[in-house]
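Reading through the structure tokens given below for one structure.
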Amino acid sequence: MEGLLAIVIGVLYASGVYMLMRRSIVKLIIGLALLAHGASLLVFTAAGLTRAVPPVIPEGAKAITGTVADPLPQALILTAIVISFGVQAFAMVLAYRAYQTVGTDDLDGMKATDT
């Protein structure tokens, strides 16, 4: 399973970097989203895939017994999802405002307006 996820992460990173190199702002935002998803999957995979019960201490026990899922990577991934959503929302608003001002979403066309 880790091998399959490694391939998926590689594809997400490769396609995200490819989209970042395009000339359109819309493709740049899509590339940011792909990179964010790849990073989340990387944290999830690096923490180890465990199909087990949640980390809850049974009644009457003093410690967790058996194999349980680690909650820290899940919390990190949730935080990364919220941050990437905020960055993508800001980038979309910025791109929309730039399109209103310049009239194009081409990055080379926007460089011509720097004078």
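The values are calculated or read from the model by the stated rules, or taken from the named source; none is laboratory data. Computed from a predicted model, the values in this text were never measured in an experiment. Every residue, glycine as well, gets a Cβ built from its backbone with ideal geometry; the counts of neighbours run over all protein chains shown. The accessibility values were calculated without ligands, DNA or RNA, using every heavy atom of the protein model including side chains. Shrake-Rupley method; radii C 1.70, N 1.55, O 1.52, S 1.80 Å.
Applying the selection to the stretch 36-85, what residues are closer than 30 Å to residue 19 by Cα and open to solvent by 70 Å² or more (accessible area, probe 1.4 Å)?
Within the stretch 36-85, 37, 42, 44, 46, 74, 76, 78, 79, 81, 82, 83, 85 qualify.
Taking the stretch 97-109, which residues are surrounded by 12 or more Cβ atoms within 10 Å (Cβ to Cβ) and either closer than 27 Å to residue 38 by Cα or in contact (Cβ under 8 Å) with a residue 40 or more places away in the chain (or both)?
Step one: of the stretch 97-109, the residues surrounded by 12 or more Cβ atoms within 10 Å (Cβ to Cβ) are 98-99, 102, 104-107, 109.
Scanning the stretch 97-109 gives 98, 99, 105, 106, 107.
So which of 16, 10, 3, 31 ends up being touching a Phe, Trp or Tyr at 6+ places or on another chain (Cβ under 9 Å), modelled with pLDDT of 80 or more and part of a helix (DSSP H, G or I)?
31
Applying the selection to the stretch 1-33, what residues are among the hydrophobic types (A, V, I, L, M, F, W, C), touching a Gly at 6+ places or on another chain (Cβ under 7 Å) and under 20 Å from residue 73 (Cβ atoms)?
Answer for the stretch 1-33, where residues must be among the hydrophobic types (A, V, I, L, M, F, W, C), touching a Gly at 6+ places or on another chain (Cβ under 7 Å) and under 20 Å from residue 73 (Cβ atoms): 9, 12.
Cβ-Cβ under 7 Å, sequence separation 6+ or interchain: first residue in the stretch 1-24 and surrounded by 12 or more Cβ atoms within 10 Å (Cβ to Cβ), partner assigned to a strand (DSSP E or B). Which pairs?
Listed pairs, sorted by first residue: 23/106; 24/106.
Okay, residues lined up against (1) of a type in the set (A, V, I, L, M, F, W, C); (2) over 18 Å from the mean Cα position of the chain (by Cα); (3) within 30 Å of residue 104 (Cβ to Cβ):
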| position | (1), (2), (3) |
| --- | --- |
| 29 | yes, no, yes |
| 42 | yes, no, no |
| 71 | no, yes, no |
| 76 | yes, no, no |
| 82 | yes, no, no |
